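Report on the structure given below.
The values are calculated or read from the model by the stated rules, or taken from the named source; none is laboratory data. Not measured: the values here are computed from a predicted model. Positions of Cβ are generated from backbone atoms using ideal geometry, with glycine treated the same way; all protein chains shown enter the neighbour counts. Side chains are part of the model used for accessible areas, which takes the heavy atoms of the whole protein and leaves out ligands, DNA and RNA. Shrake-Rupley method; radii C 1.70, N 1.55, O 1.52, S 1.80 Å.
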Amino acid sequence: MEIRYINQNDNLLEISNIYESSWKYAYKDIIPQDYLDSIPTGRWANSINKIGMNNLVVIENGLIIGTASFCKSRWEQYSNYGEIVSIYFLPAYMGKGYGKHLLRKCVEELNGLGYNNILLWVLEDNQKARRFYEKNGFTCSGDILNDNIGGKELREIMYSYRGDKF
């Protein structure tokens, strides 16, 4: 397994496919199915290299199987925090321990950028993700963000991590 920053040789459609596949798998029964079914190929390809965003990939046997994005917090009230914006894997690689390594790398990289306080948002109904973050030292802050995805009102819960050791 290798974890590294994306580079100009990486296929952004391949990385976007990880987002698409992960959404369709992980958010089944959370986000309306017709919305998930309508996600087009390449949906995230043009936003992966967004200015200010750091992007990692996980490679196993030459295949990109996971990706993560992190940055300075996008939320004014948490301007001294780093933020993990996304962590996604191809469904076949979920639950096999890769996520912990990718999460650890995100925390290390954010620490290296000077952020010992880190936040992330997770859908309230995504119990698997919530258990994963809690198991790995993140705590529910109680902050809530209301969202609407595919016509369904959803809540996102903020989790935070404090420290420079994972």
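The table below gives the values:
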| item | result |
| --- | --- |
| In Å², nearest 10: area of R74 left accessible to a 1.4 Å probe | 130 Å² |
| Given (i) 0.98; (ii) 1.05; (iii) 0.93, the label whose value is Rg/Rh (Cα atoms, Kirkwood Rh) derived from this model | (iii) |
| Mean residue ellipticity (222 nm) of the chain, computed from DSSP H runs ≥ 4 via -39,500 (n - 2.57), nearest 500 | -8000 deg cm²/dmol |
| Solvent-accessible surface ranking, highest first, for E2, E156 at 1.4 angstrom | E2, E156 |
| Net charge of neighbours whose Cβ lies under 12 Å from the Cβ of T67, counting Lys and Arg as +1 and Asp and Glu as -1 | -1 |
| Accessible surface, 1.4 Å probe, highest first, among residues F89, F132 | F132, F89 |
| Å² per residue, accessible surface of the chain at 1.4 Å | 54 Å² |
| Dipole of the chain, positive end: most advanced residue of P32, S16, I118 [Cβ charges, Cα centre] | I118 |
| Coil-residue trypsin sites (Lys or Arg not before Pro) of segment 25-72, DSSP, other Cβ within 10 Å capped at 16 | K28, R43, K50 |
| Surface share of carbon and sulfur [accessible, 1.4 angstrom probe, percent] for segment 1-100 | 47 percent |
| Of Q33, Q77, Q127, the one that fluctuates the most in a GNM where the chain has Cα springs shorter than 10 Å | Q77 |
| Cβ-based net charge around E14, under 14 Å, with every Lys or Arg adding one and every Asp or Glu removing one | -2 |
| Inter-probe distance in nm under a simple model that places probes 7 Å from Cα toward Cβ, at W75 and M53 | 1.9 nm |
| Area of M158 that stays accessible when all protein chains are in place (1.4 Å probe, Å², to 10) | 0 Å² |
